[in-house]
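The values are calculated or read from the model by the stated rules, or taken from the named source; none is laboratory data. This one's a predicted model, so the numbers in the text were calculated from it and none came from an experiment. Neighbour counts run over all protein chains shown; Cβ positions are idealised from the backbone, glycine included.
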Amino acid sequence: MLELAAIILTVTAGLAWFNERYIRLPATIGVMLSALLLSLAMQGLAALGWEAPAALARGWVEALDFDSLLMNGMLSFLLFAGALHVDVAKLRDYWVSIGVLATLGVLASTLLIGVASHWLLAALGVPVALPWCLVFGALISPTDPVAVLGIMRGAGAPVDMEVRIVGESLFNDGVAVVLFTLLLAAAESGESLLGWHAIWLFAEEAGGGALFGLLLGYGVHALMKRVDQYQVEVLLSLAMVLGGYTLATHLHVSGPIAMVVAGLVVGNHAWTHAMSPQTRQHLNDFWELIDEILNALLFVIIGLELLALPFRVDYLWVAVPLILLLLAVRWLVVAVPVTLAHTHFRRGSIPVLAWGGLRGGISVALALSLPPSEARDVVLNVTYLIVLVSIVVQGLTIGRVVGRVLAAGEAQKD
């Protein structure tokens, strides 16, 4: 395992250097594209008869167990690091819209995508049963905080739009993971997911995760308040993330939601009331570095995952209409609440919120966790293609969308 970690870290460092030196794209997009091109190059060599590089790299990627690595390891660090720098005062101003998009938005998106993809896949000659299409809807609906955070901060979006998108992405992945788990259990068992039992399980996981994260955050806050040594306080934050996420899984509450809430508590209350300026700086630098390193590793692995997919060219023609469907559903899910509460949203919010809803590693990880079946191959491949297009196309153009919206607003004022 140490050898595998060394290989992936070395590849990531090399691709990060290559991007910074020659490509100069945003870090996450640059390293992912570099890894994707590397995967395609190795597959090209295999097609020409030199199969050793692709076979060796495929073995590394398969040994990584990406879904377990992300969902049970990296995600807790990434969510905590992201939430650590979110201003609760700003979040509080938009909590209604964030709550609606992160809960009702995910539920509506799951249902719409599930039903529409069931019909669309059948029309394309790749029929997938409705329960599995609903599972696909759940895993592809959340906007990924890992993909969104860095890109939105560099896009120059107004504070209200940035807070809404980042806040939604931090919470809706936890909601989607809970919904995915329930729908997957129903699809595997063949039982209907209706009634108070399902609602109770959903509330228990999501609400329990929020409550547990609140207790965890304030508990660590109380410990930090009684010491003034940055090494100890960094260690406490690490223990909270690793130990808290593990304990959340044993308590059957949402670990992702718990980490977001705990990060908000530490980043706002402990940040100002329990740390000296020196400790605050060290903790901030530590978690920024963790965030950047894990982001780079994650997107390199996404690019290399192409080597391990049971890929067929005809999946491309299936993915294209599904990408258009996903964009249409995202637009609808955003447009309805914005239109109904237009006085609380800046003009131009719909295109920014819709186009800024990137999909990322969480969707790929959930797709990889599906049990072996024909449906899994279809869902996994189209999910991977959707994530690639989302990160590259939407990620590289969201800045232009924001710029046009702001320019249109200024022109209207004049």
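Observations
- Segments classed as helices (runs of 4 or more DSSP H), wholly inside region 342-414, with at least 1 members that are surrounded by 20 or more Cβ atoms within 10 Å (Cβ to Cβ), modelled with pLDDT of 85 or more and touching a Ser or Thr at 6+ places or on another chain (Cβ under 6 Å): 361-368, 374-389
- A residue that is hydroxyl-bearing (Ser, Thr, Tyr), more than 15 Å from PHE299 (Cα to Cα) and out of contact with any Phe, Trp or Tyr (no Cβ under 6 Å at 6 or more places or on another chain) occurs nowhere in region 31-43.
- Test: residue in region 141-164 that is within 13 Å of the chain's Cα centre (by Cα), part of a helix (DSSP H, G or I) and modelled with pLDDT of 75 or more: no
- Per the listing LEU309, LEU325, the residue uniquely modelled with pLDDT of 90 or more, at negative phi and surrounded by 15 or more Cβ atoms within 10 Å (Cβ to Cβ) is LEU325.
- Every listed requirement among (1) exposed (fewer than 14 other Cβ atoms within 10 Å of the Cβ); (2) touching a helix residue (DSSP H, G or I) at 6+ places or on another chain (Cβ under 9 Å); (3) more than 12 Å from MET259 (Cβ to Cβ) is met by LEU201 save one, (1).
- Of the helices (runs of 4 or more DSSP H) entirely within region 19-74, those holding at least 1 residues that are touching a Leu at 6+ places or on another chain (Cβ under 8 Å), among the acidic types (Asp, Glu) and closer than 16 Å to ASN295 by Cα occupy 66-69.
- Within region 73-94, the only residue that satisfies the criterion of being free of Cβ contacts under 8 Å to residues at least 40 places away in the same chain and under 23 Å from VAL253 (Cα atoms) is GLY73.
- Scan of region 91-112 for residues that are among the small types (Gly, Ala, Ser) and closer than 12 Å to THR143 by Cα, ordered by number: ALA102, GLY105, SER109
- Hey, SER97 touching a residue at least 60 places away in the same chain (Cβ under 8 Å), under 17 Å from ILE257 (Cα atoms), outside any loop (DSSP other than H, G, I, E, B) and of a type in the set (Ser, Thr, Tyr) or not: no
- So ASP314, is it of a type outside the set (A, V, I, L, M), out of contact with any strand residue (DSSP E or B) (no Cβ under 8 Å at 6 or more places or on another chain) and at pLDDT below 90: yes
Let's see how each residue does on (1) in contact with an Asp or Glu (Cβ under 8 Å, 6 or more places away or on another chain); (2) of a type in the set (Ser, Thr, Tyr); (3) more than 30 Å from ALA239 (Cβ to Cβ):
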residue: LEU2; (1), (2), (3): no, no, no
residue: THR10; (1), (2), (3): no, yes, no
residue: LEU25; (1), (2), (3): no, no, yes
residue: ALA41; (1), (2), (3): no, no, yes
residue: GLY44; (1), (2), (3): no, no, yes
residue: TRP60; (1), (2), (3): no, no, yes
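- Here region 180-207 is the region considered, the condition is being in contact with a Leu (Cβ under 7 Å, 6 or more places away or on another chain) and small (Gly, Ala, Ser), and the residue that is modelled with the lowest pLDDT is ALA198.
- Test for ALA258: is it small (Gly, Ala, Ser) and either over 13 Å from LEU216 (Cβ atoms) or surrounded by fewer than 22 Cβ atoms within 10 Å (Cβ to Cβ) (or both): no
- Some residue of region 244-263 being in contact with a His (Cβ under 6 Å, 6 or more places away or on another chain) and over 15 Å from LEU78 (Cα atoms): no
- When each of LEU326, LEU289 is tested for being closer than 25 Å to ASN19 by Cα and of a type in the set (A, V, I, L, M, F, W, C), the lone residue that passes is LEU289.
- Within this structure, ALA222 fails the test of being more than 30 Å from TRP200 (Cα to Cα), in a helix (DSSP H, G or I) and modelled with pLDDT under 90.
- Residues that are within 19 Å of MET74 (Cβ to Cβ) and over 19 Å from the mean Cα position of the chain (by Cα), drawn from region 5-34: ALA5, ALA6, ILE7, ILE8, LEU9, THR10, VAL11, THR12, ALA13, LEU15, ALA16
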